[in-house]
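One structure is given below, encoded as structure tokens.
The values are calculated or read from the model by the stated rules, or taken from the named source; none is laboratory data. Remember, it's a predicted structure, so these values are computed and weren't measured experimentally. All Cβ positions, glycine included, derive from the backbone under ideal geometry; neighbour counts span all protein chains shown. Remember, those area values only see protein heavy atoms, side chains included, never the ligands or the DNA or RNA. Shrake-Rupley method; radii C 1.70, N 1.55, O 1.52, S 1.80 Å.
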Amino acid sequence: FLFVPAVEVKIEVVIPEKERSKEEMSPNGKASPLVYKVNGTARHYHLEEHPIASNPYHNPKDMVEASVCHVKDLENGQMREVDLGCGKALLIKESGEFHAVGHKCPHYGAPLVKGVLSKGRVRCPWHGACFNIGTGDIEDFPGLDSLPRFQVKIEKEKVYIRGSKQALQTQRRTKMMAKCISLSNYNLSSTNVLIIGAGAAGLVCAETLRQEGFSDRIVMCTMDRHLPYDRPKLSKSMDSQPEQIALRPKEFFCTYDIEVLTEMQVAAVDIKSKIAVFKDGFKMEYNKLLIATGNTPKALSCKGKEMENVFNIRTPEDANRVVKLATSKNVVIVGASFLGMEVAAYLAERAHSVSLVELEEVPFKKVFGERVGRAVMKMFESNRVKFYMQTEVSELREQEGKLKEVVLKSGKVLRADVCVVGVGAVPATGFLKQSGITIDSKGFIVVNKMMQTNIPGVFAAGDAVMFPLALRNNKKVNVPHWQMAHMHGRIAALNMLAHGTEISTVPYLWTAMFGKSIRYAGHAEGFDDVVIQGDLDELKFVAFYTKSDEVVAVASMNYDPIVSKVAEVLAAGRTIRKQILHLVFPSFRTGDMSWLTGKGS
């Protein structure tokens with residue numbers, strides 16, 4: 001269906017002929033109007049001015065003030081959760097100044113007091129989101145909302161915090177955004193910004209444009225039937241309903257005039273005419289384009305692959321149906337990918353049996369290394385998951401039209417009522433092959449540090465791109481992680497507005513299985529050694545991935561916030577050398593990681 005929010009009708013302004021060639025937005029998104037042609041006629045779109053209020057809550061009755069500590073109770077670099085009676089805040093002291101913001105990460109509610117404070121921002125201990133301690137603004141992802149900021153004052157050596165009761169209770173703040181200024185001759189087949197894909201990258205791009213004051217038309221299109229949702233939960237919380245995992249409610253899109261075309265597939269892009277052609281023949285003209293189509297799951301190539309009860313989990317409906325069909329039944333999962341392993345963990349207590357088939361000898365070998373992979377495998381086996389490694393599926397057999405058995409190339413036959421396929425994915429970029437947009441041999445869209453393709457005004461973001469990773473000397477890499485998709489979308493939006501912002505974030509991912517999480521930061525492709533501290537058997541460890549003498553990534557389980565701490569070091573451009581790791585292991589046990597914040601390597 002076509003989801004189109006109500007638009008505010010403003011005056012039409014005819015542009016003088018000499019101005020009609022200006023097609024670029026102003027550097028700050030506000031000073032200059034944007035000009036582009038609709039049906040051959042130049043039109044003028046002004047960006048609304050939105051003064052930024054330091055506190056969006058104006059009701060005096062909603063405000064609360066409390067003394068929370070003595071000025072000497074906190075040293076520089078310390079954080080403390082403080083209670084104001086109706087809710088808590090995070091009090092921070094850095095460089096002699098006090099700051100107060102929300103105490104929970106808006107993403108999944110992690111306690112930020114257990115996070116990492118570094119150079120004016122606090123990083124979440126769970127998933128790596130970063131927030132400015134002075135403003136509360138989100139600076140790295142995942143998540144969409146910022147932290148509320150509270151007023152701090154010092155009187156008679158006591159620290160007082162004043163803030164809104166509502167903010168103390170919600171612990172989140174949505175940045176102020178512009179709304180759309182439309183024309184009286186509103187044209188359905190033309191938009192200023194077209195976003196193909198409605199995942200994290202697409203949504204963050206749209207929100208960032210509005211946050212920066214952009215008030216022209218934004219259209220997102222998606223093959224999905226739903227508004228943007230939290231896709232990682234499809235394998236981590238499989239019985240979640242679409243409305244439970246929605247990233248924003250429908251009202252949000254109405255309020256900020258972000259239009260979403262659902263169940264709409266783009267079949268081709270004409271870069272010369274700046275037109276996207278949809279599968280049903282509908283055409284839409286654009287001025288700026290973001291391609292954020294993500295990946296398409298690989299299917300099995302064996303006999304019986306089209307059979308009923310064989311799933312690639314791509315939508316909430318897929319996940320829900322698998323849970324329903326798998327309950328007290330026999331499940332076979334093909335592929336020890338993140339998706340495959342998370343699905344196996346989720347179904348282990350619900351299904352009669354869970355079998356996992358994988359070509360490698362241990363799960364996660366390429367990402368986490370063999371030793372960590374074996375420790376994870378052992379945890380799964382203790383939870384009734386049976387592994388069939390170093391083999392593939394040769395055939396799926398049916399009985400009365402439904403899946404009955406999975407036959408392996410090793411000759412083993414597995415009983416199966418449900419089969420979930422998680423053998424990887426390919427970029428969803430087939431529709432771009434004749435477009436002129438540069439795509440590499442594997443189908444990934446190649447972009448620069450500003451997420452721009454080889455075509456001016458065309459940007460790409462998310463799982464389908466190869467981009468320069470600052471952490472690895474700007475080597476072009478593909479990082480199909482939720483956090484990275486968020487940042488791609490933000491960088492693309494800022495550069496649509498000509499900010500000249502380059503991407504420099506550190507990749508951060510997590511996986512959740514049997515109530516435990518592995519956190520990971522960095523990029524360890526091609527690592528040559530893994531230095532492990534802790535106890536793999538007890539699933540309490542830190543793994544440092546090295547290339548030559550340099551630490552290029554870190555993973556941990558039950559060792560928070562070490563991954564966030566290392567992510568901050570890497571984000572600052574500092575290097576951790578392999579040869580010093582053995583010297584600092586004792587500091588992990590005490591929680592003293594001051595060595596990581598020293599100058600230099």
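Side notes on the structure shown:
- Reported label for calculated Rg and Dmax of the Cα atoms in Å given (1) 35.7, 138; (2) 30.5, 109; (3) 25.5, 81: (3)
- Ranked order, D145, D318 - accessible area, probe 1.4 Å, largest first: D318, D145
- Were the residues from S504 through K279 laid out at 0.36 nm apart, the gain over their Cα-Cα distance would be 77.4 nm.
- D73/T575 FRET efficiency (R0 30 Å; Cβ-Cβ; nearest 0.05): 0.25
- Protection proxy ranking for 212-222, 265-275, using the average of other Cβ atoms within 10 Å per residue and placing the highest first: 212-222, 265-275.
- Sorting the segments 416-423, 353-360 by their residues' average number of neighbouring beta-carbon atoms within 10 angstrom, most packed first, yields 416-423, 353-360.
- Here the spin labels are modelled as points 7 Å beyond Cα on the Cα-Cβ line, and at C254 and K442 they lie 4.3 nm apart.
- Measuring nothing but alpha carbons in the stretch 310-423 and taking Rh as the Kirkwood radius, the Rg to Rh ratio lands at 0.95.
- Cβ distances below 4.7 Å define possible disulfide partners, and in the chain the cysteines left without one are C69, C86, C130, C180, C205, C221, C254, C302, C419.
- The antiparallel fraction among DSSP beta bridges confined to the chain stands at about 70%.
- Ellipsoid semi-axes for the stretch 404-459, based on the Cα gyration tensor and the rule √(5λ), read 41, 11, 10 Å when sorted largest first.
- Listed peptides 106-114, 328-336, 515-523 by packing density, highest first (mean Cβ within 10 Å): 328-336, 515-523, 106-114
- Inter-probe distance in nm under a simple model that places probes 7 Å from Cα toward Cβ, at E381 and N187: 6.5
- Taking amide H as placed 1.01 Å from N in the peptide plane, the amide H of E360 sits under 5 Å from that of Q390, each at least 5 places away or on another chain.
- Other-chain or far-sequence residues with amide H under 5 Å of N474's (modelled H): L469
- 5 angstrom amide H check on G213, placed H, neighbours 5+ away: A178
- Gyration tensor verdict on the stretch 483-557 (Cα atoms; rounded if a/c is under 1.5, prolate if a/b is larger than b/c, oblate otherwise): oblate
- Distance (nanometres) between label positions extended 7 Å along Cα→Cβ at L359 and E263: 3.6
- Ranked from largest, the principal axis spans of the Cα set of the stretch 60-170 equal 39, 32, 18 Å.
- Restraint check, K179/K250; K236/K476; K236/K324; K119/K156; K386/K540; K298/K365, Cα-Cα greater than 18 Å: K236/K476; K119/K156; K386/K540; K298/K365
- Counting only Cβ charges, +1 for Lys and Arg and -1 for Asp and Glu, the dipole size of the stretch 340-458 around its Cα centre is about 200 debye.
- In sequence order, calculated HN-Hα J values of the stretch 518-530 (Karplus, 6.51, -1.76, 1.60; Hz; x Gly/Pro): 9, 10, 8, 9, x, 8, 9, 4, x, 4, 10, 7, 10
- Legend: calculated FRET efficiency, E349 to Q151, from the Cβ-Cβ distance at R0 = 60 Å, rounded to 0.05, equals 0.80.
- Summed over qualifying helices (DSSP H, 4 residues or more, each -39500 (n - 2.57)) and divided by its residue number, the chain shows a 222 nm mean residue ellipticity of -4500 deg cm²/dmol.
- For the stretch 117-133, 3J(HN,Hα) computed residue by residue from phi via the Karplus equation (6.51, -1.76, 1.60; θ = phi - 60°) reads 9, 7, 6, x, 8, 10, 10, 4, x, 8, 10, x, 4, 10, 10, 6, 6 Hz, glycine and proline entered as x.
- The accessible-area ordering, largest first, of the residues M341, M450 stands as M450, M341, per a 1.4 angstrom probe.
- Apportionment of accessible area to carbon and sulfur, the chain, percent (1.4 Å): 48
- Computed E for E81/N473 - FRET, C-beta separation, R0 41 angstrom, nearest 0.05: 0.55
- For the stretch 310-423, the relative contact order comes to 34 percent (Cα pairs under 8 Å, sequence separation of at least 6).
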